[in-house]
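This report concerns only the one structure given below.
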Amino acid sequence: MEESELSFEEISTWTVASLKDYLRIRGLKQTGNKTKLIALVYGASQLGVQPKPNEVEEDRKRSEQYRKVLKICGKTLPDPLSELNDNWKGEKEGVHCWPPVSYYEIAEWLLRDAPCVSQPSIRDKKRASTLHDRLLSDYKEGKAYSYFSSKWLHEILYHDVESQSPVCYVKANCTPSQAIKNVPHTAWVALSKESGKVFSAYCTCFAGLGSTCNHIAAILFKLDHAFMTGKSKKEVACTSKQCTWNVYSGGQSVIKGKPVSELQWFKPTYTNTKKKPINTLPRKLFNPTCSSKKSPSTQGLYNAMLASCQDSTLFRYLEDDHKILTPIYPHDATFNEVLWVSKEVEVETIPNVPIPQPLPALAVGTNTISEFLDQLPEYTVEEVSQIELATRGQFDNPQWKRMREGRITASKLKSVVSRNKTLHSDESNHSKDPVPIIKQIMGYETINENIPNLKYGRLMEPKAREVYTQLLHEQGHQDLSIRECGLFVDPQNVFIGASPDALVDCSCCSSGVLEIKCPRSVIGEKPTPSNYKPLSHTTGLLDKQHAYFFQCQAQMAVTKRLWCDFFVYSQESFFYLERIHFNESLWDEAVSSAKQFFSEYIVPELLTNKIRKEVQSQTVPHVPADSKHAEPPQTQDTVVSIAYEYNETPSSSNEGFIIDKGKRKFKGRILIKGKRHNGGGGANPIYLCKVCQSACKDEVDIDTPSYFSIGCENCKSRYHWICVNITSPPSTDWFCKDCVHGQ
């Protein structure tokens, strides 16, 4: 008889010893009289409680789980606890080898990639919020960060596994928080050498196989600290600077007794760089035996508000000679109304106009350079605003990348001006090859996002913006507004664009832009001409021939603003701030040179795609027809597409293209009513959009028609409607731009 079918009457006939044996092998409570034991057995039987595995089976199960932890990227790596006994580097010589781990890699691992944490559904907002709260409370603000900040984490050891391996190991011992004299736990983490991505982790503590215990998180927080403070810079070893990195000594510090009133209590948190004492100075000075009869005053309210709310409307009516006085109101002000409005401002709204097409889309159907330049439009203020609005988020927004393709942006202006001068000079010894710059402007070549210097700059930009905002508040700027923005396009020269880090407005300085630089080479140092090359040794200011100066000028010209704050931030309250004003003569010369380069080199590429085809032929490997991998079977999970290493450009207008070949007419495949019409039966493959590389889903899974897909008959590639600027099913045959230019 099956255990789940045990009846209460049958269990009642068992002896006490049999009842206890049944409960014991299942790890259940065995105390109580016979009646209670019968009830426990019957309940366990109905619930289907299985016998616990013995120690041998438990060890075998843990070994299998541990082998899975060691399997990374399809390859089983050596065990860092037993097989890799040599060639471990301590912190003094290994810190400069540590991967660039940031808080984003920690969050990605703890919330998504860890085996014990399931990825929440986008629609399951409650569960997603729960996991986010768990990260903030249990890791970021809790015990994990405290392990690191309180120095419970011992020295971190580094091992590169193999010189050619993309994966490395870091491991460390961590003192248990509840039993500091016990044997420390040993934890290791496998990471990507290049990006800092966490592949796997393990700890010898009870929760170690879950790969997300506090000891593992403490190691990651220490790696993050080393990266963000510049201690792991490869160009400067930690031993080249005095007291750069404090290695765990292994000894226990002797704590001397003090009166409670002299103790300083701190709670370590990831977000607070400066520790805030719990027992502050006002608390120390508080004397419960002395009562204060002083009543609250308006003067005290002003004093309290001024430090943090300098832009408050309240302070507009204070006398300039005395910052804190009784407010002076306008003679006609009344206070008996429900709402007091100091002034009315008419705001001009932006009409709902369509977003202009990217430059590659404008080149479709154009045959000559002069024809393309003649039809190049001039944007209205509304169209410029629509582009800026649609591209906010910049680097994280795919639309920002598409709108930049073919445009000379502010960061590339100096390179274009210099290369154009070289190309038209017979005496110059510099390179006269325009192809590298063309690839960058067209988006064929992208910079590796995991380069430590670039990654550090992106991570520090929000902090730098916060410091800049605080600095301007301290300087007394009124009505200060600092907001992020998208891509601005010059209305008269639509081939020029600029993406400032922020737009700055205040009532005392009119309008300007902000350009932030966070160089990793000067972390913890004040930027000076001796350690920051863009600054001139002669003037101490930004070199007027440097690319950054041209970048600032382009941002001012395109956004129609008069000044640019060039802000270099290097942590620890070290920064460099210079206000650069618009130079009209320099801008006129730069625009003339950029227009010449655009006409002679960018427009031909927009029309012919010659360089792009060369890049494509070098990027996509050739698979022989007789190879067993040449024609993979198309199942429901088959992905039919080629992942390019550069950004494909939007390629058509709303009407599509018609091509006749004699009596034969090609017809583009369109996704209609949730079905992929591919001319064959059986399971339908999954297609990737050739522009954005994301899946083309069925209509039943799509909320907006703009994400329907269309297929090119000639090359069989698929595109989202929104990626090729289609708003409705074309009534004619449709072909992609590649095939149009190839006919």
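Each peptide in 471-484, 184-197 receives the mean, over its residues, of other Cβ atoms within 10 Å, and ordering these scores from highest gives 184-197, 471-484. Dimensions of segment 524-596 based on its C-alpha atoms, expressed as ranges along the principal axes with the largest first, amount to 42, 23, 18 Å. As a proxy for reagent exposure, Asp543, Asp426 were ordered by neighbouring Cβ count within 10 angstrom, fewest first; the result is Asp426, Asp543.
Each of Leu471 and Thr35 was given a label point 7 Å from its Cα along the Cα-to-Cβ line. The distance between the two points is 8.0 nm.
The packing ranking, built from the mean of other Cβ atoms within 10 Å per residue, places the peptides 551-558, 603-610 in the order 551-558, 603-610, highest first. The simple spin-label model puts a point 7 Å past each Cα toward its Cβ; for Leu562 and Glu162 those points are separated by 6.4 nm. Going from the fewest other Cβ atoms within 10 Å to the most, the residues Met442, Met305, Met228 appear in the order Met305, Met228, Met442. Listed from fewest to most Cβ neighbours within 10 Å, the set Leu586, Leu301 follows the order Leu301, Leu586. The packing ranking, built from the mean of other Cβ atoms within 10 Å per residue, places the peptides 410-421, 32-43, 500-511 in the order 410-421, 500-511, 32-43, highest first.
Under the criterion of Cα pairs below 8 Å and six or more residues apart, the relative contact order for segment 350-607 equals 23 percent.
A short reminder: the numbers here are calculations on the coordinates, not readings from a lab. Predicted, not measured: the structure shown is a model, and the values here were computed from it. Neighbour counts are summed over all protein chains in view; Cβ atoms, including those assigned to glycine, are modelled from backbone coordinates with ideal geometry.
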